[in-house]
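Asker: The structure follows.
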Amino acid sequence: MQTIPASCERPIGVFDSGVGGLSVLAEIRRALPCEDLLYVADSGFAPYGDKPAAIIEARTHAIADFLIARRAKAIVIACNTATGAAARALRARIDLPVIAMEPAIKPALALTRTGVVGVLATSQTLASHNFVELMGRFAAGANVLVQPCPGLVELVEAGRLDDEATRARVADYVVPLLERGADTLVLGCTHYPHLRPLIADIAGPDIAITDSGAAVARQVHRRLAELGLLASRRGGGTARFWTSAEPAAAAGLIARLWAHGVTVSQLPSFPAAAR
Ligand code: DGL
């Protein structure tokens with residue numbers, strides 16, 4: 001177990017396989033306006049969803065170490081796929097708080113009127129031990145339909161949030177769930193909230209759409225408060241960005257999904273076998 005000193009003025013480190021985790025970062029910023037935030041978009045390695053778990057785990061450790069070297073006081077895995085592949089191993093190795101994703105199945109089951117919930121996620125997430133365990137905990141006996149969504153992460157990474165190809169792909173995944181009676185959709189991948197307007201347009205006004213970003217932000221707040229690690233300053237927190245893709249291209253998409261005028265730096269390359 002690696003022991004790292006933590007203090008309240010340190011930043012919170014957040015990462016994802018790409019820009020998906022910005023949907024979580026936005027909720028963290030809303031819940032914790034005074035905190036400094038570090039964000040790594042591992043877009044050069046996206047999508048994680050079609051990679052072996054061992055590679056995702058190696059990337060997770062390497063990125064967490066990068067954030068810890070920049071004095072992160074907590075690590076947020078803003079990626080369902082990396083959560084399934086690596087959250088357990090990361091928690092066993094470092095003694096900072098590690099906050100990770102969990103598809104919003106429980107809230108969705110509280111919302112549904114038809115009793116049918118549809119979960120959109122990557123194949124890796126749906127096959128993960130975490131997901132199977134989550135289903136066992138909350139969905140035993142419930143009608144929860146799962147839909148892997150290959151290709152959606154790549155479309156979001158390309159900034160194609162509302163073109164015809166994206167609309168067709170989203171419809172291919174969403175319409176069969178609606179035809180089977182789902183009235184509540186769970187966005188089980190942090191890239192998908194960037195497609196929420198399109199998904200809502202295809203699904204129509206009677207379909208509820210849930211994701212876990214706000215719940216994760218509340219959990220970050222709770223963990224930091226428990227540990228006495230909330231920032232004590234009054235001023236607005238900063239945000240810094242790194243990408244493993246080409247920074248100039250990434251800056252355009254991050255500006256669109258987060259805020260204009262951000263600087264995006266190059267993530268250094270890590271050794272192939274990170275550990
Ligand atoms: N945002 C990631 C997630 O929540 C996408 C995974 C991928 O890159 O395939 O699962």
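The values are calculated or read from the model by the stated rules, or taken from the named source; none is laboratory data. Since this is a predicted model, take the numbers as computed values, not measurements. So basically every Cβ, Gly included, is an ideal-geometry build from the backbone, and we count neighbours across all protein chains shown. Quick note on the areas: whole protein, heavy atoms, side chains included, nothing else; ligands and nucleic acids left out. Shrake-Rupley method; radii C 1.70, N 1.55, O 1.52, S 1.80 Å.
Asker: State which residue is farthest from G49 (Cα to Cα) when the search covers only the range 155-183 and only residues that are touching a residue at least 24 places away in the same chain (Cβ under 8 Å), among the small types (G, A, S) and in a loop (DSSP other than H, G, I, E, B).
Answerer: The extreme case among them is G181.
Asker: Among the residues of the range 124-142, is there at least one that is under 30 Å from V220 (Cα atoms), of a type in the set (G, A, S) and within 16 Å of the ligand (Cβ to nearest atom)?
Answerer: yes
Asker: Let me ask another. Filter the range 108-130 down to residues that are assigned to a helix (DSSP H, G or I) and either open to solvent by less than 10 Å² (accessible area, probe 1.4 Å) or among the charged types (D, E, K, R) (or both), then give me how many there are.
Answerer: 2
Asker: Separate question: In the range 108-143, how many are within 23 Å of G49 (Cβ to Cβ) and in contact with a strand residue (DSSP E or B) (Cβ under 6 Å, 6 or more places away or on another chain)?
Answerer: Within the range 108-143, residues that are within 23 Å of G49 (Cβ to Cβ) and in contact with a strand residue (DSSP E or B) (Cβ under 6 Å, 6 or more places away or on another chain) number 7.
Asker: If I ask for residues that are surrounded by fewer than 24 Cβ atoms within 10 Å (Cβ to Cβ) and at negative phi, which ones from the range 180-193 would you list?
Answerer: Passing the criteria: R180, D183, P193.
Asker: Now, a different point. Between a residue in the range 74-99 that is without any contact (Cβ under 8 Å) to a residue 12 or more places away in the chain and any residue that is part of a strand (DSSP E or B) and within 16 Å of the ligand (Cβ to nearest atom), which pairs come within a Cβ distance under 9 Å, given they are 6 or more apart or on different chains?
Answerer: As it stands, the answer is R91/V98; R91/A100, since those pairs meet every condition given.
Asker: Output the number of the condition that V24 fails; it satisfies all remaining conditions of (1) touching a Leu at 6+ places or on another chain (Cβ under 6 Å); (2) open to solvent by less than 20 Å² (accessible area, probe 1.4 Å).
Answerer: (1)
Asker: Yes or no: P52 within 25 Å of V156 (Cα to Cα), of a type outside the set (A, V, I, L, M, F, W, C) and surrounded by fewer than 19 Cβ atoms within 10 Å (Cβ to Cβ)?
Answerer: Yes; evaluated as a whole, the condition is true for this residue.
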